[in-house]
Amino acid sequence: RVGRAVGEILDTQRVPHIAVESRIGRVARLRRDGAAVFYGDASQAEMLGRLGAARAAALVLTMDDPERARSVAEAARRSWPRLPIHARARDEAHARALLAAGATHVILETAEASLQLGEGGLVEIGVPDDVARALRSAGASGRVV
């Protein structure tokens, strides 16, 4: 879900991107929906290299599996030391593991939901939309780095 949402955001801005998915059934469904997705193991630097990681502006890790995300960050960092790596983390321990593996920016997965709920609650009790939105932006630090 997170990867798909990131892909949709990039699509709206016409930013070219490629997704790697390890579940063949999901690849087939996403391709039917028009997504640029490839089947494979993103923790294999060779796979990332064939897909253009050396020319990428950034790598975004959205997978649910903490160990796989750590493994991808590690492989990418080893092969492309300057590549920005943005990663989703389940919790603080996972965030620390991703940073140790080479991620440059880590976002806790609960951050966005918390910010949206907080903004919605503020608006509901009468705080003006623009103020609630500004407070949400100021609180956007579900970011570990």
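The values are calculated or read from the model by the stated rules, or taken from the named source; none is laboratory data. Bear in mind the structure is a predicted one, so any value in this text is a computation, not a measurement. All Cβ positions, glycine included, derive from the backbone under ideal geometry; neighbour counts span all protein chains shown. With ligands, DNA and RNA removed, areas are computed over all heavy atoms of the protein, side chains included. Shrake-Rupley method; radii C 1.70, N 1.55, O 1.52, S 1.80 Å.
Tabulated data
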quantity: Tally of residues being open to solvent by 80 Å² or more (accessible area, probe 1.4 Å), in a helix (DSSP H, G or I) and more than 20 Å from Val2 (Cα to Cα) across the stretch 75-95; calculated: 1
quantity: Of the criteria (1) over 16 Å from the mean Cα position of the chain (by Cα); (2) surrounded by 11 or more Cβ atoms within 10 Å (Cβ to Cβ); (3) more than 18 Å from Ala95 (Cα to Cα), which one Gly34 fails; calculated: (2)
quantity: Selection count where residues are touching a strand residue (DSSP E or B) at 6+ places or on another chain (Cβ under 9 Å) and either closer than 16 Å to Arg77 by Cα or touching a residue at least 40 places away in the same chain (Cβ under 8 Å) (or both), scope the stretch 93-124; calculated: 12
quantity: Scan of the stretch 4-22 for residues that are within 14 Å of Glu112 (Cβ to Cβ) and open to solvent by less than 100 Å² (accessible area, probe 1.4 Å), ordered by number; calculated: Ala5, Val6
quantity: Residue check for Met47: touching a Gly at 6+ places or on another chain (Cβ under 9 Å), assigned to a helix (DSSP H, G or I) and hydrophobic (A, V, I, L, M, F, W, C); calculated: yes
quantity: Set Leu48, Leu61: member being open to solvent by less than 30 Å² (accessible area, probe 1.4 Å), over 15 Å from the mean Cα position of the chain (by Cα) and under 15 Å from Glu21 (Cα atoms); calculated: Leu48
quantity: Number of the exception - Val106 against (1) open to solvent by 50 Å² or more (accessible area, probe 1.4 Å); (2) in contact with a helix residue (DSSP H, G or I) (Cβ under 6 Å, 6 or more places away or on another chain); calculated: (1)
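One line per residue, one yes/no per condition, for (1) on the phi > 0 side of the Ramachandran plot; (2) among the hydrophobic types (A, V, I, L, M, F, W, C):
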{"site": "Arg23", "(1), (2)": "no, no"}
{"site": "Arg26", "(1), (2)": "no, no"}
{"site": "Arg32", "(1), (2)": "no, no"}
{"site": "Val37", "(1), (2)": "no, yes"}
{"site": "Gly40", "(1), (2)": "yes, no"}
{"site": "Ala45", "(1), (2)": "no, yes"}
{"site": "Gly49", "(1), (2)": "no, no"}
{"site": "Leu61", "(1), (2)": "no, yes"}
